[in-house]
Amino acid sequence: MELLQTAMNYHLGKAGVIFIAVTLFLFSFSTFLGILFYARGNVAYLFGDKWCWQTAYKVLALVMLFVGGIAAYHIVWDLGDVGIGLMTIFNIVTLYLMGGEALEELRKYEKNK
């Protein structure tokens with residue numbers, strides 16, 4: 001990040017550094033909101049759309065946002081990698097378990113077509 005800011009400062013001056021900071025903020029904020037919205041649906045599906053579960057989820061998300069803001073960047077990236085890995089494993093297991101049902105529906109579709 002420091003190299004990018006130095007290059008922007010060299011080519012565009014302080015406006016380049018400010019542009020990178022604003023762009024990074026907007027990208028991070030929009031990504032966080034998108035993930036919150038996606039995960040909220042998952043929490044509602046798994047635990048029900050009850051106030052207590054949604055509030056607990058929001059508090060957990062705020063704690064993670066705070067910790068991510070003050071932790072060293074390599075720790076945050078490592079935790080993100082672990083999260084993506086766990087999500088991949090859960091998705092592969094679920095796809096395997098639902099494979100028979102998906103093939104059954106495909107056969108029904110092809111028969112009716």
| query | Does segment 48-67 contain at least one residue that is surrounded by 11 or more Cβ atoms within 10 Å (Cβ to Cβ), aromatic (Phe, Trp, Tyr) and over 28 Å from Phe25 (Cα atoms)? | reply | yes
| remark: Of those in segment 1-38 that are closer than 20 Å to Gly69 by Cα and among the small types (Gly, Ala, Ser), the residue modelled with the lowest pLDDT is Ser28
| message | Against the conditions (1) surrounded by fewer than 10 Cβ atoms within 10 Å (Cβ to Cβ); (2) touching a residue at least 12 places away in the same chain (Cβ under 8 Å), where does Met8 fall short? Just the number, please. | response | (1)
| query | Given (1) over 24 Å from the mean Cα position of the chain (by Cα); (2) among the small types (Gly, Ala, Ser); (3) on the phi < 0 side of the Ramachandran plot, where does Gly13 come up short, assuming only one miss? | reply | (3)
| query | If only one of Ile18, Ile84 is in a helix (DSSP H, G or I), under 14 Å from the mean Cα position of the chain (by Cα) and without any contact (Cβ under 8 Å) to a residue 40 or more places away in the chain, which one is it? | reply | Ile84
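The values are calculated or read from the model by the stated rules, or taken from the named source; none is laboratory data. Because the structure is a prediction, the values reported are computed rather than measured. Reconstructed Cβ throughout: ideal geometry from the backbone, glycine too, with neighbour counts over all protein chains shown.
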